[in-house]
Amino acid sequence: IPPEEEYESYFSKLRERALKNGSKLRYMSTISDGSVFIGLKEITPGHPFYNSTGSDAAASITTERYPSPVVICGAGAGGAITASGLFNNILSLL
């Protein structure tokens, strides 16, 4: 089986499981107690990022003093602008 077909099968199963659970998949990162996670997460309707769409950007901050999350969200730059900024950063190193 070509790798791309294996990946398609894997991600299809993740998507189907999320739909069955009434959840959505979101690509996100989490920093907690010194550990970092970056990847796909299945989130439920109560999650602050559940209704994000397209290139929305969001951050959720929870601390000992603020156990309820402070959520910041809005329009993200999108792929083309992000790639342009990254390319500009690379050029500035030359």
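The values are calculated or read from the model by the stated rules, or taken from the named source; none is laboratory data. Owing to the predicted nature of the structure, the values given are computational and were not obtained by experimental measurement. Reconstructed Cβ throughout: ideal geometry from the backbone, glycine too, with neighbour counts over all protein chains shown. Heads up: the accessible areas ignore ligands, DNA and RNA and are worked out on the full protein's heavy atoms, side chains in. Shrake-Rupley method; radii C 1.70, N 1.55, O 1.52, S 1.80 Å.
Computed quantities for the displayed model
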item	result
Residue check, S92 open to solvent by less than 80 Å² (accessible area, probe 1.4 Å) and polar (S, T, N, Q)	no
Check on L86, surrounded by 11 or more Cβ atoms within 10 Å (Cβ to Cβ) and either part of a helix (DSSP H, G or I) or touching a residue at least 60 places away in the same chain (Cβ under 8 Å) (or both)	no
Tally of residues being more than 16 Å from V71 (Cβ to Cβ), at pLDDT 90 or above and of a type in the set (G, A, S) across segment 35-55	2
Any hit, segment 22-45, residues being touching a His at 6+ places or on another chain (Cβ under 9 Å), surrounded by 10 or more Cβ atoms within 10 Å (Cβ to Cβ) and outside any strand (DSSP E or B)	yes
Selected residue [surrounded by fewer than 11 Cβ atoms within 10 Å (Cβ to Cβ) and not in a strand (DSSP E or B)] from E8, E16	E16
Total residues in segment 53-71, condition exposed (fewer than 11 other Cβ atoms within 10 Å of the Cβ), among the charged types (D, E, K, R) and either within 15 Å of S29 (Cβ to Cβ) or under 19 Å from the mean Cα position of the chain (by Cα) (or both)	0
Condition check for A77: of a type in the set (G, A, S), on the phi < 0 side of the Ramachandran plot and in contact with a strand residue (DSSP E or B) (Cβ under 6 Å, 6 or more places away or on another chain)	no
Failed criterion for G74 (all others in (1) out of contact with any Lys or Arg (no Cβ under 9 Å at 6 or more places or on another chain); (2) assigned to a strand (DSSP E or B); (3) open to solvent by 80 Å² or more (accessible area, probe 1.4 Å) hold)	(3)
Near pairs, Cβ below 7 angstrom, 6+ apart or cross-chain, from segment 2-23 (within 13 Å of K41 (Cα to Cα)) to any residue that is open to solvent by less than 100 Å² (accessible area, probe 1.4 Å) and part of a loop (DSSP other than H, G, I, E, B)	S23/T44
